[in-house]
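To keep things clear, I will list the structure first and then write my remarks on it.
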Amino acid sequence: MPMNSFLGVFAKSPLKPLEDHINLVHQCSQGLLPFFEAVYAEDWKTAQDRQQTISKLEKQADVIKRELRINLPIGIFMPIQRQDVLDLLTQQDKIANKAKDISGRILGRQLTIPEQLQSQFLIYLQRCLDATEQAKQVINELDDLLETGFKGREVKLVEDMIERLDSIEDDTDKLQISLRRSLLSIEKNLNPVDVMFLYSIIEWVGELADISERVGSRLELMLAN
Amino acid sequence: MDILQTYGFMLIVTAAVVGFLMAWGIGANDVANAMGTSVGSKALTIKQAILIAMVFEFAGAYLAGGEVTSTIRNGIIDPTYFADTPELLVYGMISSLFAAGIWLAVASYLGWPVSTTHSIIGALIGFASVGVSSNAVEWSKVSGIVGSWVITPGIAGFIAYLIFQSAQKLIFDTEKPFENAKRYVPFYMAFAGFIMSLVTIKKGLSHVGLNIGDGMGYMISIAIGITVAVIGKIIIGRIKYDPSAVCAAHFANVEKVFAVLMIVTACCMAFAHGSNDVANAIGPLAAVVSIVNKGGQIGTEAPISWWILPMGGIGIVAGLALFGHRVIKTIGNGITHLTPSRGFAAELAAASTVVIASGTGLPISTTQTLVGAVLGVGMARGIAALNLGVVRNIVISWVVTLPAGAGLSIVFFFMIKGIFAP
């Protein structure tokens, strides 16, 4: 029965899919921990399985991304700018892509992390994943932001969370510098090609935190509107 | 005159049947708009919504529907024009009912969100201006009514904006939103109860045989408002604070309090809808009855026959009982992001606007007012996403309805005239 109703006025909320998306993205990047565990053990069979998990989650996040884009035509009136929502989504998606790239590259070259760097690298990775975790928490505040009409206390709360995200990202920068220095001190004993790739892996892991920070600043822009 | 004496009873029965069918259609279809927000935000189950709608639609139609019925009956068409040919007015009223009824049926079938008010007004203007003479229409009053269609959604939107902002200030943007919700929500309830009862007492009860003085009216309204608030406070007091919901979403507990408030505003909405929209079905019927009963004399002062308002009320309730369930079910599934705190602001604003318009006799569109109120909440950044394309379609369907109702009623008018022509 065709509906003679005004309730079509209510469009699908973009906030819930945004939250679902970041949650998946976060889960996807968390997959790097068990993946590197397998890499440290040089168990490439398990590493491959875990890389599969990461890439599967990345695909699921892509599905949500596409659905959200389709459901956001121009005639939608939202408390936040449509362009901001789309930009935020793009940034979030990059986190999952980066996690997939890191695991893919390591697996493809069967690149091992030198034993002297392993514990330091793990700390670095964990800190970068803390940043994605924080980005996830920030995005999950969107519900409450809507409840308060995107103003007042809740905005303050979210801004504090974004500030914390920034400081985590600062940490990762420092960790990255010291990790590179450690690599520099041992690089003569290593295969030069592997060293090149190790540098780029270190950089990519750092980008997880960079992009997470960008998610936060996108949201900040959204709130400033 | 002979025609009215010979066929009088038949004309009344025809008008009554068509009027009843129209009321039935309003109940079946339109009420989804009035109750949809409550069901959509999960404040009410479908069964509860139907029950509330039945009671309060009837109450609204019976207690506060008189003024608008009078406007439809004799506010749009200049009765002096028909002094010599009252049968033409009777034909016209019946053909208007036919026209509006058929247009509504077609529109519902095609899924257009048309307004019952617009169809009946368009139909009345149509038969009077083309079938008789363009002077037979009280254009000044018509322009007032059409003007109100533009203004009321704006007013409702503004009120909704204010209500929403006040809820934000008092409850959401505070240290302890749950405690504040418990404290302030009863005031909103009192406000809702006060407005509804005040309009009813001041404008509606005279035809039931009750005449209450000004001061007395205010006193009773305040008393009713306080009663509603006290009952609401007791119910709210029973809500358990769910600590597990705190981490998931800070405001889940607060929304529970607003869900109680929404039951009150849903009653108001049903009441307001009944008070305004019943007239669309029974206004023309009331005109036919009074003309025939007076043997062709067109009296503007005659009271509405006692059985007409309840009949319209029963028609709406019958439509609800038969089809409301299905209609509300379809809409209840679609909405994702409408929490009780938003729904209440929109409903309270729309219901107040509609019921005040009913009190002044203005036939406005409930749906239109509700859309205005929803947009008002949207402006306050309260709703995740509104589909402006749908808003545009709704506006277009309203504009199209006027000429469509007019055209159909012209056709029916000449048909009926032809049938009864000596």
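Would you mind ranking A:Leu111, A:Leu142 by Cβ crowding within 10 Å, fewest neighbours first?
The fewest-first ordering by Cβ neighbours comes to A:Leu111, A:Leu142.
Using alpha carbon coordinates only, what is the Rg to Rh ratio of the stretch A:12-224, with Rh defined as the Kirkwood radius?
1.02
Quick one, what does Rg over Rh come out to for the protein assembly as shown if you take C-alpha atoms and the Kirkwood Rh?
For the protein assembly as shown, the value is 1.15.
Within 10 Å of each Cβ in A:75-82, how many Cβ atoms from other chains are there, averaged over the peptide?
Mean partner shielding for this stretch: 5.
Could you run the Karplus curve 6.51 cos²θ - 1.76 cosθ + 1.60 with θ = phi - 60° over the stretch A:178-187 and give me ³J(HN,Hα) per residue in whole Hz, x for Gly and Pro?
5, 5, 5, 4, 4, 5, 4, 5, 10, 5
Excluding residues on the same chain fewer than 8 positions from B:Lys47, give the lysines whose Cα lies under 26 Å from its Cα.
Hits, sequence-local ones excluded: A:Lys12, B:Lys233, B:Lys240, B:Lys256, B:Lys329.
What distance in nm separates the two pseudo spin-label positions at B:Val400 and A:Asp166, each 7 Å out from Cα along the beta-carbon direction?
Placing both labels 7 Å beyond Cα along the Cβ direction yields 5.3 nm.
Each residue of the stretch B:130-142 in order: what ³J(HN,Hα) in whole Hz does its phi give by Karplus 6.51 cos²θ - 1.76 cosθ + 1.60, θ = phi - 60°, with x for Gly and Pro?
Couplings: 8, x, 10, 6, 5, 6, 6, 9, 7, 4, 5, 6, 4 Hz.
How far is helix B:46-64 tilted off the main Cα axis of chain B, in degrees rounded to 10, range 0 to 90?
Compared with the principal axis, the helix lies near 50 degrees.
Summarise the partner chain shielding of B:25-32 as one whole number: the mean count of Cβ atoms from other chains within 10 Å of each residue's Cβ.
What the average comes to for B:25-32 is 1.
How do A:Lys16, B:Lys176 line up, fewest other C-beta atoms within 10 Å first?
B:Lys176, A:Lys16
Most fluctuating residue of B:Val390, B:Val150, B:Val13 in a GNM of chain B with Cα springs under 10 Å: which is it?
Highest fluctuation of the listed residues: B:Val390.
Which lysines have a Cα less than 21 Å from the Cα of A:Lys94, not counting those fewer than 8 places away in the same chain?
A:Lys16, A:Lys56, A:Lys59, A:Lys65, A:Lys136
Across peptide A:149-155, what mean number of C-beta atoms from other chains lies inside 10 Å of a residue's C-beta?
For this peptide, the per-residue mean of nearby foreign Cβ atoms is 5.
Just from the alpha-carbon atoms, what are the Rg and Dmax of chain B in angstroms?
22.0, 79
Using a basic spin-label model with each label point 7 Å from the Cα along Cα→Cβ, how many nm lie between A:Leu184 and A:Ala224?
Going from the A:Leu184 label point to the A:Ala224 one covers 3.4 nm.
Could you calculate the FRET efficiency of B:Lys294 with B:Leu51 from 1/(1 + (r/R0)^6), where r is the beta carbon distance between them and R0 is 35 Å, rounded to 0.05?
The pair B:Lys294/B:Leu51 has a calculated efficiency of 0.30.
If you place +1 on the Cβ of every Lys and Arg, -1 on the Cβ of every Asp and Glu, and leave all else neutral, what size is the dipole of chain B about its Cα centre, to the nearest 20 Debye?
Charge dipole of chain B: 1180 debye, to the nearest 20.
Quick one: if the Förster radius is 56 Å, what FRET efficiency do B:Tyr241 and B:Trp306 give, using the C-beta to C-beta distance and rounding to 0.05?
0.65
Pairs of Cα atoms under 8 Å, at least six residues apart: use those to get the relative contact order of the stretch A:12-224, whole percent.
30 percent
Readers should treat all values here as calculations from the given coordinates under stated rules, not as data from a laboratory. None of these values were measured; they are calculated from a predicted model. All Cβ positions, glycine included, derive from the backbone under ideal geometry; neighbour counts span all protein chains shown.
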